[in-house]
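Novice: Please see the structure below; I have some questions.
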Amino acid sequence: MNRFLSALAASALVLAAVPASARPTSGGRDGGADLAVAVAMTAPAPPQSRTRHLGTVSRDLEEHLTRSDPTTGDGAYFDCYSFDLRAGQQFAVAMFSVDFDAYLSLHAGGECNDEIASDDDGLEGTDPVIEDTIVRSGRYSVAATSLYSGETGLYGLTLIIK
């Protein structure tokens, strides 16, 4: 029984016992079983954003977009990276992939939810780059994602902080 309940929980099904007196009757039929089972589908909880903090130094990363990553509003998987910059610092972040059309967005703050810049094809081919001089010290984040929904695969990310 416990395995059955665990399987139901994993499938996002909700079961509820409904007294026979609360069910509508059909065709003048009365009685029947004391309980009926109502089944309803519930939407699974959306994936939570997981931010990886990169600190204050330049980095090169090799990562994967997977089906277990959180998704953007249009269904594209993404990874979120945060880093700290001081006013007047120059930075560049670039993304490279042969598996999908890469897309970058820069966000104010440590979560990927307040977009201030984005790029699709700033480098050659389908690879994006964002570069700027920071006016205000603080934590920034970048969402490494694909241009189209549902795409997965290997990518490289380079962060250069001067």
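Novice: Out of (1) in contact with a Gly (Cβ under 8 Å, 6 or more places away or on another chain); (2) at pLDDT below 95, the odd one out for Met95 is which?
Specialist: (2)
Novice: Among the residues of the range 104-160, write down those that are among the polar types (S, T, N, Q), modelled with pLDDT of 95 or more and outside any strand (DSSP E or B).
Specialist: Within the range 104-160, the subset among the polar types (S, T, N, Q) is 105, 113, 118, 126, 133, 137, 141, 145-146, 149, 152, 158.
Then keep just the ones that are modelled with pLDDT of 95 or more; that gives 105, 118, 133, 137, 141, 145-146, 149, 152, 158.
The answer is Ser137, Ser149, Thr152.
Novice: OK, next. Conditions: (1) part of a loop (DSSP other than H, G, I, E, B); (2) modelled with pLDDT of 95 or more. Asp74 meets all but one. Number of the miss?
Specialist: Unmet for Asp74, out of (1) part of a loop (DSSP other than H, G, I, E, B); (2) modelled with pLDDT of 95 or more: (2).
Novice: Next question. Can you tell me which residue is surrounded by the fewest Cβ atoms within 10 Å (Cβ to Cβ) among those in the range 50-83 that are of a type in the set (Gly, Ala, Ser) and over 10 Å from the mean Cα position of the chain (by Cα)?
Specialist: Of all residues in the range 50-83, those of a type in the set (Gly, Ala, Ser) come to 55, 58, 68, 73, 75-76, 82.
If we keep only those that are over 10 Å from the mean Cα position of the chain (by Cα) too, we end up with 55, 58, 82.
Values: Gly55: 11, Ser58: 15, Ser82: 18.
Ranking the candidates gives Gly55 first.
The values are calculated or read from the model by the stated rules, or taken from the named source; none is laboratory data. Since we're looking at a predicted model, the values are computed, not measured. Methodologically, a virtual Cβ is constructed for each residue, glycine included, from the backbone with ideal geometry; neighbour enumeration extends over all protein chains shown.
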